[in-house]
1. For segment 197-209, what does the Karplus curve 6.51 cos²θ - 1.76 cosθ + 1.60, with θ = phi - 60°, yield as ³J(HN,Hα) per residue in whole Hz, taken in order and with x for Gly and Pro?
2. Amide H neighbours of residue 189 under 5 Å, at least 5 residues apart or on other chains, H built in the peptide plane: list them.
3. So what are the ³J(HN,Hα) numbers for segment 60-70, from phi and the Karplus equation (6.51, -1.76, 1.60; θ = phi - 60°), rounded to whole Hz, Gly and Pro as x?
4. Taking amide H positions as placed 1.01 Å from N in the peptide plane, with prolines and chain starts having none, which residues 5 or more places from residue 204, or on another chain, fall under 5 Å of its amide H?
5. Scanning the chain for helices, which whole DSSP H stretches are 20 Å or more long along the axis (Cα) and average -1.0 or more by Kyte-Doolittle?
6. Please work out whether segment 197-258 counts as rounded, prolate or oblate from its C-alpha gyration tensor, where a ≥ b ≥ c are the square roots of the eigenvalues and a/c under 1.5 means rounded, while otherwise a/b larger than b/c means prolate and anything else oblate?
7. Just from its helices, what would the mean residue ellipticity at 222 nm be for the chain, if runs of 4 or more DSSP H residues each count -39500 (n - 2.57) and the sum is divided by every residue, rounded to the nearest 500 deg cm²/dmol?
8. Does segment 146-258 come out rounded, prolate or oblate by the C-alpha gyration tensor, with a ≥ b ≥ c the root eigenvalues, rounded set by a/c under 1.5 and, if not, prolate when a/b is larger than b/c and oblate if not?
Amino acid sequence: MEKIKLGAQLFTLRDFIKTYEDTDKTFEFLRNEGITVAQISGIGPIEPEKVKELVEKYELDICVTHKPFDRMINDLDALIEEHKMINCPSIGIGAMSDEYRQSEEKLFEFVGLLNDIGAKMKKKGIQLAYHNHAFEFERMKSGRTIFDILIEETDPELLHFIPDTHWMQFGGVNPPDFLRKLDGRVDVCHFKDYKIVNNERKFAEIGTGTLNFDACFESCQDIGAKYIVIEQDLCDIDPRESMAISYKNLLEIAARHQ
């Protein structure tokens, strides 16, 4: 069994990757923390050639990105080339827009687009992936959840998933169990924690909240996940400090299992 590679979702550090200069400093920070794997998300309007320059400078393994769905529809060839420039094997959809959640008919329209775009990407050696939030666990009139439909009605070869542990648990499922439903369709998993403070849910550093990440890690191994990246949407402390804490805790979790 190959070891799962561990890294960071840069959405956590989105305020520090708005310009080329800030991204340079942030990539240096990652390397100083021992982080060599990253998902690019939330980055500023930096030319693809400049991003490539920084990725190569710091020898980062970019496992996936989140890109606007309209670019996948209208600018796919250029988008694919940008990812090949940084040796990124997968392009992720951060979430479906509200319009596709209004009815099962609209959802199936989205499914059709996913299969079509996924096929075009596959021909050029890139994998399409979908990242979940909690709303995918809402039930449609047929009784199936949005996530059920995404799993069952898309081609497993053409659409993979970027499951998020926080949103799975908040959506009402047990993350380690639900991950197993995605066997063979997960290249990258988001490890995200939360804690309860004064009866309210708050994002938390990995290993300091309520989620059972040892069980999640075992599930990721069993379903063939290649990467686990840490993500925290909001931080009570400097996001870089939060990232360092989470990565240290993730290394300890991984050491218990691989």
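Taken together, the values in this text are just the output of simple stated rules run on the coordinates, not laboratory data. Just so you know, these numbers come straight off a predicted model, no measurement behind them.
1. Calculated HN-Hα couplings, in order: 10, 6, 6, 10, 7, 9, 4, 9, 5, 3, x, 10, x Hz.
2. Distant-sequence amide H within range of residue 189: 227, 228, 229.
3. Residue by residue, segment 60-70 yields 8, 9, 8, 8, 5, 10, 10, 10, x, 5, 5 Hz.
4. For residue 204, whose amide H was placed from the backbone, the distant partners under 5 Å are 193, 194, 195.
5. Those that clear 20 Å and a mean of -1.0 are 104-123, 239-255.
6. Since a/c reaches 1.5 and a/b is larger than b/c, the shape of segment 197-258 is classed as prolate.
7. It lands at -12000 deg cm²/dmol.
8. Verdict is prolate for segment 146-258.
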